[in-house]
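Structure, as structure tokens:
Bear in mind these aren't lab numbers, they're just calculated from the coordinates by the rules spelled out. In this text, all values refer to a predicted model and were calculated from it rather than measured experimentally. Cβ placement follows ideal geometry from the backbone for every residue including glycine, while neighbour counts extend to all protein chains displayed.
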Amino acid sequence: MVLLIIYIPRSIYLFLDKIWGWGLIPGIMERIFRDLEHLRSLLREHPPLEILEMIQNLWSRYSPSPSGICVHGIDSGYNYLEMRGYIIYVVDAIYVSSCGGSGGDARVGIIASEKDPEGYLSYISIDLEVSMAGDALKNTGYVVIDGSLVSKLGFLVRRAPHVVDEHEKESVANTLKRLIDVSFRESPRVIYISKNSVSKDLVRIFFPKSYSALRTDLYYLDRYTIEPGYSKPIVLGADGGLGASSLIQGISRIYGSDLYIALSYVRLKTGGPIMRVEIPLRDPGDAEKSLLRIINAISGDASGYPLVLREADRLARISSRDMDRLKRILGLGSESQAWEAAKSP
């Protein structure tokens, strides 16, 4: 007979006893502790030496000097109600300026329940963001849009045509052209910033054979750097080696001239969040100089994240309470009312 002895730290014991109670889960404690030990080993991860060398080669310490240049932050939001046979949606986009002023637009509509609401509303969100960016560019300064330009372009090229009706596909193509134009026309005035990213662009460049087994760029840079600074800009579009570069070469053909996106990861303050920054460029030669000017422009907030984006995110968020208010306005307080409304001409 083999005797299995498991050491249980008192803190974990008290936690499990409080949540479940020992008598409620007999026979699975060993599995729980195996999983906990696995999680602890992940948290104590020792990175491959090659990863640390990559970070050392890419990361430059830099303490921003806020420049006072106007920055206009843009974000969008959406929410929807699923009724019997149809979906009612609300989409909005907001821009907020550090020099005062703001703007916004919204759409309310109805689509059939068999449509993919997340995909369709993501398309509408991008379309509204493009309109807000066009308005913001009428002012001086930088326009900072929440999210990844690479992701937005990829979505419009690959997915959006399949989530709209046939008669809307031309509108998707038009939104793609407008997004390209507003992003690159006055380069480098429009910047895209992502708080979260699952991209492996950097690890794919440095470890082309093993990148799929590695974690994301943002994970490594967030975990193994702490000081303010930035990663050396990688110019996407200069060759076709990466999926993103191939995408950018494709939009260059649509635009009619060579286009590039400079990619960097930035931290504005010690211990602050790492952000993925994408800068649309027509001339890749000044990528690092452009990046430093942008870092100085967007710095200054105590959170380490651009204040205008935080405020745009807050204003663009459409809550469940907002949707309940919409239901009352439309007289759809109950499912039966919604069903009667759906039958009405």
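Each residue of region 176-190 in order: what ³J(HN,Hα) in whole Hz does its phi give by Karplus 6.51 cos²θ - 1.76 cosθ + 1.60, θ = phi - 60°, with x for Gly and Pro?
Here the 3J(HN,Hα) series is 4, 5, 5, 4, 4, 5, 5, 7, 10, 4, 10, 3, x, 7, 9 Hz.
Compute the relative contact order of region 108-243 as a whole-number percentage, counting only Cα pairs closer than 8 Å that sit 6 or more residues apart in sequence.
23 percent
Just report the Cα centroid separation between region 229-300 and region 94-120, whole Å.
Taking the Cα centre of region 94-120 as reference, the centre of region 229-300 is 26 Å away.
Neighbouring Cβ atoms within 10 Å as the yardstick, rank 257, 252 fewest first.
Final ranking by Cβ density, sparse to dense: 257, 252.
How much of the pair distance distribution for region 251-304 lies past 13 Å, counting alpha-carbon pairs only, in percent?
Across region 251-304, Cα pairs with separations above 13 Å total 64 percent.
Give me 83, 323, 132 sorted ascending by neighbouring Cβ count inside 10 Å, so fewest comes first. It would help to have the intermediate numbers written out before the result.
On the way: 83 19, 323 15, 132 27.
Arranged by neighbour count, lowest to highest, 83, 323, 132 become 323, 83, 132.
Relative contact order for region 241-282 using alpha-carbon pairs under 8 Å, separation at least 6, rounded to a whole percent?
33 percent
Cα to Cα, under 21 Å, and not fewer than 8 places away if on the same chain: which lysines meet these conditions relative to residue 169?
Partners within reach: 115, 152, 177.
For residue 301, what residues show an amide H to amide H distance below 5 Å, using hydrogens built from the backbone and excluding near sequence neighbours?
For residue 301, the qualifying residues are 307.
Order of 305, 192 from fewest to most other C-beta atoms within 10 Å?
Ranking 305, 192 by Cβ neighbours within 10 Å, fewest first, gives 305, 192.
Pairs of alpha-carbon atoms within less than 8 angstrom and 6+ residues apart define the contacts here; what relative contact order does region 71-316 have, in percent?
On the way: 448 pairs, mean separation 50.2, N = 246.
Relative CO of region 71-316 lands at 20 percent.
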